[in-house]
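Step one of this worksheet: look at the structure below.
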Amino acid sequence: MISVYIRRVGIKRRVNLRLIRELVSYILEQEGKGGSSLSIKICDHKTIHRMNRLYLDHDWPTDVLAFPMIEDGSEDFSDVEESYIGDCVVSMEMAFERCKEFDHSPDEELALYIIHAVLHILGYTDKETECRKIMRARESKYMRKFQEKILHDKLIYGDSKSCLL
């Protein structure tokens, strides 16, 4: 059974927990990691900035942080207790800011951050050009599959025109 633990930190806006779990579960099943568990922290600039500085020594807010429970390049999850594969951190505040640049809704942008973070947890990287192409193709695949649901059911509850974190 797939378990997705979701927490909001520093934001008041509610999110569609069912849809996030469905999206993440689908990705894990498609990537051959059914039965895995992970956490997703949905947060504000302040929280992700602090984490980015603490763990990566980058003194700025970012959109996504991913902390896999396995070492880079390893496909072996056998030593991870209860198939817990990692922690994702995504910034709702950044999604509201950046969505306009890409002509997305905040819901779509946040979904893309979640997909991106989960793929990082699974070992995908966007550091080299070829790897980035593979990762972007996977992101597009999962966005296409869920885009209609994301727009219809909403990932973020409330007025999508203002963040009101």
Cross-chain or 6+ apart pairs with Cβ under 9 Å, the range 50-63 first and free of Cβ contacts under 8 Å to residues at least 12 places away in the same chain, then assigned to a helix (DSSP H, G or I): 58/49; 58/52; 59/49; 59/52; 59/53; 60/49; 60/52; 60/53
The one condition in (1) surrounded by fewer than 21 Cβ atoms within 10 Å (Cβ to Cβ); (2) out of contact with any Leu (no Cβ under 8 Å at 6 or more places or on another chain) that residue 158 fails to fulfil: (2)
Counted residues, the range 8-37 - those being among the small types (Gly, Ala, Ser) and closer than 20 Å to residue 151 by Cβ: 1
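Of all residues in the range 129-140, which are surrounded by 12 or more Cβ atoms within 10 Å (Cβ to Cβ) and more than 15 Å from residue 109 (Cα to Cα)?
Step one: list which residues in the range 129-140 are surrounded by 12 or more Cβ atoms within 10 Å (Cβ to Cβ), which gives 131-132, 134-136, 138-140.
Of everything in the range 129-140, those that are surrounded by 12 or more Cβ atoms within 10 Å (Cβ to Cβ) and more than 15 Å from residue 109 (Cα to Cα) turn out to be 131, 132, 134, 135, 138.
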Search result, residues across the range 117-133 that are under 17 Å from the mean Cα position of the chain (by Cα) and either polar (S, T, N, Q) or within 22 Å of residue 36 (Cβ to Cβ) (or both): 117, 118, 119, 120, 121, 122, 123, 124, 125, 126
Candidate set from the range 27-60 (those that are of a type outside the set (A, V, I, L, M, F, W, C) and loosely packed, with under 12 Cβ neighbours inside 10 Å); member that is farthest from residue 3 (Cα to Cα): 59
Whichever residue in the range 1-21 is assigned to a helix (DSSP H, G or I) and loosely packed, with under 15 Cβ neighbours inside 10 Å and, among such residues, is nearest to the chain's Cα centre (by Cα): 17
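The numbers here are math on the coordinates, done by the rules we state, and not lab data. These numbers come from a predicted model, not from an experiment. Quick reminder, even Gly has a Cβ in these numbers, built from the backbone with ideal geometry, and neighbours come from all protein chains shown.
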